[in-house]
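Shown next, in structure tokens, is the structure this report addresses.
The values are calculated or read from the model by the stated rules, or taken from the named source; none is laboratory data. This is a predicted model, so every value here is computed, not measured. Just the protein is used for accessible areas: all its heavy atoms, side chains included, with ligands, DNA and RNA removed. Shrake-Rupley method; radii C 1.70, N 1.55, O 1.52, S 1.80 Å.
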Amino acid sequence: MQENDFLSAFVIVCKKVEEALEANQAVVALESTIISHGMPYPNNIETAISLENMIREEGAVPATIALLNGKIHIGLNEDELEILGNGKGNVCKVSRRDLPFVISKKMNGATTVAATMILADLLGIRVFATGGIGGVHRGGEVTMDVSADLQELANTNVAVVSAGVKSILDIPRTLEYLETFGVPVIGYQTEEFPAFYTRKSGSKVDYPLHTPEAIADVMKTKWNLGLDGGLLVANPIPEPFEMNKDEIDTAIKQALSECESLGILGKEITPFLLSRVKELTQGNSLFSNIKLVENNARLAAKIAVAYHEIIP
Ligand code: PSU
Ligand code: MN
């Protein structure tokens, strides 16, 4: 069986994304874990729709990626977003490891950064916007809890735009890991690596770049050199929406200690921490979260447009 026949049995590409890919237009991938496990209903669906609209406003085509009844969907309609976000059915959190099971069992799945990168890459989508990526957990030097997102960045040719990494994680070790695996960390108009809810983390980016065109040029250069793997574009939350550092630090500290005393393990750790931080800071963190993802979607679209102008 040809590779394409094989894939077409699993992949459903929506019409607008298919047309954009055929016409070699800029496409931006979006993940779905943020919809199913990252935000409450109905803010999650509203945000998913607003991200898509912002990407269109910037001249690119959005492709939200998820698994529905075991099919890989690239580009979702509003009914499909509703299934992922309304909390009524079971939607698994799907990273690289989970893909074959959820597809083979014809289940619904929300894709993490790692799984979204894999599926974007299948179709040649090179730019992806998210909120925050997974990383090395605090204590990860003992537990070995390191998100599969980092290995995917090491191997898969997609530029991921995020607002940095939440300080539920060990940010300096996350950056060390990325360095070891050759993943460039670019700061968009910043020298400081951002910590999701706040613009500063105390760690530096590798290279600050000031325009989407400059970022697109680095992507092209990296891949033309045969240096496979992703790039992490760290885009700080806009100043007006930044959270108070003490408020967020206190909530994270409490969430981490509850996680340990409840004995939460494995893939449940990140969703537990995210949802506890959200509860402990009430609406504040949700509002910041929405604003920073929107900011990332706009930048990702600008990078995708710039990239498409310089590739043949
Ligand atoms: N960090 C966030 N928000 C998120 C996630 C991480 O600030 O929504 C989600 C993303 O989908 C990410 C995943 O890819 O959690 C990482 O999970 P794990 O640590 O289990 O690999
Ligand atoms: Mn983990």
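Numbers for the structure displayed
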| quantity | calculated |
| --- | --- |
| 19 Å Cα-Cα threshold exceeded, pairs from LYS166/LYS278; LYS166/LYS200; LYS16/LYS105; LYS93/LYS302 | LYS16/LYS105; LYS93/LYS302 |
| Ellipsoid equivalent to the chain - semi-axes via the Cα gyration tensor, in Å | 27, 23, 19 |
| Centroid-to-centroid separation of the range 63-90 and the range 91-131 [C-alpha atoms, Å] | 12 |
| Spatially proximal aspartates and glutamates relative to LYS88 (Cα-Cα < 15 Å; intrachain offsets below 8 disregarded) | ASP79, GLU80 |
| 1.4 Å probe accessible area per residue over the chain, in Å² | 45 |
| Bridge type composition, the range 3-310 - antiparallel percent by DSSP, nearest 5 | 30 |
| Apportionment of accessible area to carbon and sulfur, the chain, percent (1.4 Å) | 52 |
| Probe 1.4 Å - accessible area at CYS14, Å² to nearest ten | 40 |
| Per residue Cα convex hull volume in Å³ - calculated over the range 37-90 | 76 |
| P(r) histogram, all alpha-carbon pairs of the range 121-275 included - 10 Å bins from 0, percent | 11, 40, 34, 13, 2 |
